[in-house]
Amino acid sequence: MFEYRKGRTVGEVAALFGDGVTLADRTYVEDTETGSLLVPAGGDGPENPGGSYVLRWHGRAIGVDYRITRRDDEHGDHALFTLSGPGASHGALLRAKVPLVDLTPEDATRALHVAAEACVVYESHRADYGPGARVTDPLDPARELSPADFGYGEIAPVTRGAR
């Protein structure tokens with residue numbers, strides 16, 4: 001299960017993802033059982049809500065893009081994150097110097113599923129998106145997933161000073 005963490009420095013967190021990776025954030029989520037990590041690589045700006053993450057999956061740094069849509073539906077008012085392009089994120093390449101990676105379709109799907117879990121846990125901890133953040137199911141784009149769908153209990157947002 002992913003846990004929210006805060007590194008002492010941005011450089012310390014970047015080192016977790018490998019040589020050459022540069023980051024602007026020292027908060028991330030980590031699954032200590034699998035060694036998977038997810039950290040934001042940067043956003044596209046307020047006019048184009050989205051950005052990129054860096055996922056460490058099976059020891060490799062992989063860029064993943066995301067889009068944010070504000071939704072008000074049966075789940076209430078929440079942010080919906082839709083992930084795409086595992087291994088082919090030009091945003092992560094430009095922002096964090098994460099090289100493009102060729103993945104088989106099966107590995108891309110597996111990596112996207114891990115990134116979806118990590119994303120919804122990470123964003124649920126953020127006061128600006130959580131606790132109602134949801135992520136589009138990589139296996140069924142018509143379905144939205146919450147932390148509960150991955151087996152997590154209620155996640156309380158971390159205040160800005162603590163992040």
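The values are calculated or read from the model by the stated rules, or taken from the named source; none is laboratory data. If you're wondering where the values come from, they're calculated on a predicted model, not measured in any experiment. Methodologically, a virtual Cβ is constructed for each residue, glycine included, from the backbone with ideal geometry; neighbour enumeration extends over all protein chains shown. Remember, those area values only see protein heavy atoms, side chains included, never the ligands or the DNA or RNA. Shrake-Rupley method; radii C 1.70, N 1.55, O 1.52, S 1.80 Å.
Annotations
- Summarising the strand pairing of the chain, around 90 percent of its internal DSSP beta bridges are antiparallel.
- Charged side chains reduced to their Cβ positions (Lys and Arg at +1, Asp and Glu at -1) give the chain a dipole of some 680 debye around its Cα centre.
- Span per principal axis, largest first, for the Cα atoms of segment 11-163 (Å): 42, 38, 36
- Cα shape, segment 34-98, gyration tensor, a/c 1.5 rule: oblate
- Interchain or long-range residues, amide H under 5 Å from Arg126's placed H: Val158
- Within the full protein context, the accessible area of Phe17 is estimated at about 10 Å² for a probe radius of 1.4 Å.
- Computed over all pairs of different Cα atoms, the Kirkwood value for the hydrodynamic radius of segment 77-163 is 13.9 Å.
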